[in-house]
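Nothing in this text is a laboratory measurement; each read-out follows from the coordinates by a stated rule. All values derive from a computational prediction rather than experimental measurement. Note: ideal-geometry Cβ built from the backbone for every residue, glycine included; neighbour counts use all protein chains shown.
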Amino acid sequence: VLSATAASAAFGLNGPLEFIGLAQAQAYANAKLIDKGFYKFKVGDVEVTQIYDGIWNRAFEDNFVKNAQPDQVKAALKVGGLADNIIPIPFTITVVKMKGKYVMFDSGTGGQVQSTAGLMAAKNMKAAGIDPAKIETIIVTHFHPDHIFGLMAKDTNAQTYPNATIYLPKPELAWWTGSSVPQPAQGISNRVKATFPGWKNVQQIDGDKEVVGGVRSIATPGHTPGHTSYLIGSGKQQLMVLGD
């Protein structure tokens, strides 16, 4: 956890960062995203659209949060206006429109994670006025199913966006196709091996660099070994896409 000053210094930003409190964030999600299926806002000249892709109401487990006691976690849920017997995990996709072109960060669940309802993201994307066929660039933060399964069909692994260029973090691809993946995650690893290495429209991102104009990658390992975040800049305004 960083203060706004420390975070600005760490990411090389010259302006303040705004941290949204958990109760405010929950109200935002309910009122602005889940009810409509999407939410739009501007960052400089960049139009940002958050696409709702369903929610997993995970049963509360005492060991879900590793560094806090169950009673503390339940108390935090109540402060956020939530029930204390479930952990609500909403799924969202970020799409930005830059200079008339769409860039999508991650791809959602593809209706293949827990109780997510079919191709909800595609439906809400169209409701937001975005034609999925016009997405030319997809940038991935990490390889958990709720972030990459929307790129591939459930039974055939056929590409959902065959005409888009897909950018993947090189350390993330190396880890999931390597020999260190634990047994519980072997299913994800096998699917990654069966898709990304053979796709001709995939490019790898290695290190902190400009991926496409206005989008810079920032290595943020921890959630996964190759987890990557992205800084979007438009004039003096900036947005960080964190992924998880």
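In the stretch 130-243, Cα pairs under 8 Å separated by at least six residues give a relative contact order of 23 percent.
Applying the Karplus relation 6.51 cos²θ - 1.76 cosθ + 1.60 with θ = phi - 60° to the stretch 79-96 yields 3J(HN,Hα) values of 4, x, x, 10, 5, 9, 10, 9, 10, x, 10, x, 10, 9, 10, 9, 10, 10 Hz, where x marks Gly and Pro. What the phi angles of the stretch 131-138 give under the Karplus curve with 6.51, -1.76 and 1.60, with θ = phi - 60°, is a coupling list of 8, x, 5, 8, 7, 9, 9, 10 Hz, glycine and proline written as x. Charged neighbours of D106, selected by a Cβ distance under 11 Å, balance to -3 (K, R count +1; D, E count -1).
Distant-in-sequence amide contacts of T137, defined by a placed amide H-H separation under 5 Å and a gap of 5 or more residues or a different chain, comprise M104, T165. Backbone amide hydrogens, once placed in the peptide plane, bring W56 within less than 5 Å of I89, F91, excluding anything fewer than 5 places away on its chain. Pairs spanning more than 20 Å between alpha-carbon atoms, out of K42/K123; K134/K170; K40/K154; K78/K123; K36/K99; K170/K193: K42/K123; K134/K170; K40/K154; K78/K123; K36/K99. Sites listed here are trypsin sites (Lys or Arg not before Pro) in the stretch 48-97 whose DSSP assignment is loop and whose Cβ has at most 16 other Cβ atoms within 10 Å: K66. In the stretch 92-148, taking the dipole from charged Cβ atoms about the Cα centre, the farthest positive-side position among G129, V113, V103 is held by G129.
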